[in-house]
Each structure stands twice: as structure tokens, then as C-alpha cells.
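No lab work stands behind these numbers, since they all come straight from the coordinates. Computed from a predicted structure; not experimentally measured. For neighbour counting, all protein chains shown are included, and Cβ atoms are generated from backbone atoms with ideal geometry for every residue, glycine included.
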């Protein structure tokens, strides 16, 4: 019983790594996802982009993480730290899902919005920047929050390449003390707390949409 | 002002427009009548170049603007931003002028108090006026209106008749209005072209007929 608080704090010190991996992954995933979407919609290498997205969604994340950590160094000529390997692996994997979320957001907009911009002689750049994307971002926001939550839980895979995140620390405590229930419950509390926080912030941002209010 | 010669348009081997030819003069109101699926909207979309036609030619002297059946206002912009966004992009030095012009048009159309509202807060009739104002601020020579009375009751339809007529007179805009509502078209147009199965069934001045609605119904 006297180890409960030290164990709880020890496991909790993995929160920072979990958050670094989650938000680093989401940042890279969002940028790469937008790039993939733009390339797909601009007609440049459309089938290749579709193939890349299919491959990223169709193979396990643990495989992609292993590839980047164990195989990529022989191609790149240098080894990434487990943190950067994790951020890139989660980011690249997430980009495929972000690209699909963006696709659904763009396709959910009425065709008339594109046509209205065209009839008003708005150029393609400004049409995407000021007419289409603001509406798409508002529409896909809930799906993006889901993606962040999914990625947060998937970051537990970092243990495979030595990262001491929440889950890995819980397993370490369990192995040291031959006691699984308490450390795993503690890890669950941390993950659930983080997910609830992300949901709370997401809902606050989602509600801030002045043009959706009938006033 | 607008001359169309032998326009043909098909979608997947289905002929929608066949050999359509007509011309229109400045400041008139042309009604495009016909049952659903006869090609009215497609013809308007071809004139606006939202669709390309397969055959034929078109000569147009002037700016064309399109008012969509479902208005297609930009929901994340206020009424004023909906009006001024495109003109501001073209001439960034005249933002204040565009704002004043937009406010004046909105006032003219009876929705001056709605300038800072978002489209979601407007009624159907108010959205239509905003869509009309957004077209007018671009100083069009020809305004294409697709089914402007779709889903409206009789009294609101009469409001639309007087609104479009007053816009036609005040702004001197030539209009082509597509509608399946013969009663509405005969009240507003000085010329009606009735399309049937993608061809022109009749081209008539409704003011020259004793009973234009029944006359047109014969060709429906």
C-alpha cells in the first residue's frame, strides 16, 4: 500500500512522452495528410497517392514503427531516437487517416459552393483558402478529435522500441512487484484522464462556431 | 447581348439539349419554361460555363452571373462578407467602396438590417435576396436565375415577381429565369421559351396572348 503513490507518480511521468508522441504525430499527420489530399485532388499522381494511403491504412502501425526504427537507419544512414522514430511513424500512419477525413469533409460540401465561387470569379487558391477549407475544417473537427484520441492510445506501441511511456512504466512496475492489477488500473486512469481532457477541449472548440448559431 | 447557335449537350448518351438557338436583347426578362428534366437548368449552366456544351457556339457581350436555386451563400461568412468578398479580392483598394455599395444594395432589397447576420439566421426569402444582392454587386449584364420560386407559396412568389422586376428596372440587368411555374413566368417575362425534351417547343411573348398560361400548357 505504501508503494501506491510512488508507483502512481512513476507511471504518471510517462504522460509527457505519451503527449509528445500524440501531438507530434498529429502535427506531422495533419501536414502530410493535407499534402496527400492536395496532391490527390490536384490530379498529380492521384493513383500513387491513393496507393500510399491504402498501404498505410492496410498495414499494422507496429510494422510501420518497426520499419522506421529498425530498417530506415540502413537506408537513411543514421538512427532516429525512439522519440523521433515514434513521432514519424505515428505521424505518417495518421496522415493516411487525416487524408481520408479531409476527403470525406471535402466531398460532404455541396458542389454548389465550388460553383458559386466560380461564378463569382474567385481564383482556385482563394476558393480553397477562404471558401472551401474553413467549411471543411469545421465539418471534420469531430473526426479529427477522434483521430487524436485513437493516436493517443496507439502511442503505447512505443514500448516496443524502448520508450518509457505510461503503459511501459505500468508494465515495469507490474514486473518488478509481481502485481498487475494496480499498475494497469493506474495506466488506465492516466489514459482515460487524457482522453477526457482532449474530448473536453475538442467540444469547447467545436461549440465555438458563430455561423452555426441561429441568432 | 447573348446569341446562342445550335447548342447540343448530352450526359452519358442522354441528349439533354438539342439544337438550341436564340438570342436576347438588353434589359429584357426571358423566361425558360418546361417540365422537370427538359434542360432548363442545363441551358443556364451552359451559358454560365458551369457545363461545356458538345456542339454549337455562344456569343456573349457582357458579364454573366448565376443565382442558384439553393442560393449557395457561404455559410461561414456574414451577409456583408458574402457580398464584398469577391469584389474585395479583385480590387483590394476599394474595400470601403464595396462595403458602402453592398450596404446600399441590401437596403434597396429590404434587408439592410441583416448585413451582420450569418445565412443560417435568415429565412428562405431573405437568403434569396442576399443571393440576388451578391450577384448584383458584381454588376452583371445578364443574371441567370435557376428556379427562383421553387418551394415558395403564392404570396411569396408574388414578392419574388415584384423583386425581380424592380431589380430589372433599377439595375437594368437582363435576366434569364428558368422555372416550371408558368403562372410566375407569364407575370414576369417579356418573352418565354418553352423547352420540351431538350428542344425549343415554343418561343412567345406572353403579353401578346390572351391566356398565356393555357397557351403554353398546350406545348407542355
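General remarks:
- Relative contact order computed over chain A (Cα-Cα under 8 Å; 6+ residues apart), in percent: 31
- Considering only Cα atoms, the convex hull volume of segment B:73-139 works out to 72 Å³ per residue.
- Residues B:94, B:99 in ascending order of nearby Cβ atoms (within 10 Å, fewest first): B:94, B:99.
- Spin-label model, residue B:3/residue B:54: points 7 Å from Cα along the beta carbon direction are separated by 2.5 nm.
- Both radii were evaluated on the Cα set of chain B; the Rg over Rh quotient, with Rh as the Kirkwood radius, amounts to 0.98.
- Considering helices alone, the calculated mean residue ellipticity of the protein assembly as shown at 222 nm is -17500 deg cm²/dmol, with DSSP H runs of length four and up weighted by -39500 (n - 2.57) and normalised per residue.
- Over segment B:1-97, the alpha carbon radius of gyration divided by the compact-protein estimate 2.2 N^0.38 Å works out to 1.34.
- Alpha-carbon Rg/Rh ratio, for segment B:158-212, with Rh computed the Kirkwood way: 0.98
- Shielding by partners - mean other protein chain Cβ count within 10 Å, residues of A:108-121: 6
- Label-to-label distance, residue A:70 versus residue A:209, with points set 7 angstrom from Cα along the beta-carbon direction: 4.4 nm.
- Share antiparallel - DSSP beta bridges, the protein assembly as shown, percent rounded to 5: 50
- 40 Å tail of the calculated P(r), the protein assembly as shown, as % of Cα pairs: 40
- Multiplying the residue separation of residue B:12 and residue B:162 by 0.36 nm and subtracting their alpha-carbon distance yields 50.0 nm.
- C-alpha long axis of helix B:154-171 to longest principal axis of chain B, angle in °: 80
- For chain A, Kirkwood radius (reciprocal of mean inverse C-alpha pair distance, Å): 19.4
- Stretchable slack from residue A:4 to residue A:181, in nm (0.36 nm times residue separation minus alpha-carbon distance): 62.5 nm
- Zone residues, segment B:77-104, relative to residue A:123, backbone N less than 12 Å from point 7 Å out along Cα-to-Cβ: B:89-91
- Per-residue shielding of B:131-142, expressed as the average number of other chain Cβ atoms within 10 Å of the residue Cβ, stands at 1.
- 10 Å Cβ neighbours from other chains, averaged over peptide B:69-76: 6
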